[in-house]
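> Take a look at the following structure, please.
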Amino acid sequence: MPRVKEVKSEHPEYIYYMECSQETDTPLPILSHIFSHTLTLVNYTLSKGHCKSLNRAAKFLQANINRVRFNNCNIDDEEMAELLEVFV
C-alpha cells in the first residue's frame, strides 16, 4: 500500500498548490477549469509562479489537455512558452 506522501506527490492539485507556496503565490483554482480536454482561463491574472506551478502539475494530469484558451490572463511570451512545453 503506497504511503500518503507518495500518492500526493503525483497528484496534480497537490503539486500545483505546493509549487505556488514555494513561489509565494496565492493558488488559484486553475485545474478546475478543465472541461472536454480544454483548459480555459478567462480574466485570470497569472504570475510567473502560477505558470511554473501549472506546468509542473500538468505533467501529472490524468486527462489529456489538447487545447488551452487564455483570455486576458496577463501572460508574457516567456510564460506562454513554458506552459506550451507541457501541453505539446
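> Can you tell me which residue in the range 51-74 is surrounded by the most Cβ atoms within 10 Å (Cβ to Cβ), limited to those that are closer than 17 Å to Glu19 by Cβ and either among the small types (Gly, Ala, Ser) or out of contact with any helix residue (DSSP H, G or I) (no Cβ under 7 Å at 6 or more places or on another chain) (or both)?
Once the filter is applied, the top-ranked residue is Ser53.
> Failed condition for Cys73, given (1) closer than 15 Å to Pro12 by Cβ; (2) in contact with a Leu (Cβ under 7 Å, 6 or more places away or on another chain), with all others met?
Failing condition for Cys73: (1).
> Can you pull out the residues in the range 38-50 that are assigned to a loop (DSSP other than H, G, I, E, B) and surrounded by 12 or more Cβ atoms within 10 Å (Cβ to Cβ)? Please lay out each step first, then the result.
Taking the range 38-50 first, the residues assigned to a loop (DSSP other than H, G, I, E, B) are 43-47.
Selection gives Tyr44, Leu46, Ser47.
> Applying the selection to the range 10-19, what residues are more than 10 Å from the chain's Cα centre (by Cα) and part of a helix (DSSP H, G or I)? Full working, then the answer.
Taking the range 10-19 and keeping what is more than 10 Å from the chain's Cα centre (by Cα), we get 10-11, 14, 18.
Tyr14, Met18, listed by residue number.
> Moving to a separate point now. Confirm whether Asn55 is modelled with pLDDT under 90 and part of a helix (DSSP H, G or I). Break it down into steps so the answer makes sense when it comes.
Numbers: modelled with pLDDT under 90: yes; part of a helix (DSSP H, G or I): yes.
It is true that Asn55 is modelled with pLDDT under 90 and part of a helix (DSSP H, G or I).
The values are calculated or read from the model by the stated rules, or taken from the named source; none is laboratory data. Please read these numbers as outputs of a predicted model, since none were measured by experiment. As a convention, Cβ positions derive from the backbone with ideal geometry for all residues, glycine included, and neighbour counts pool all protein chains shown.
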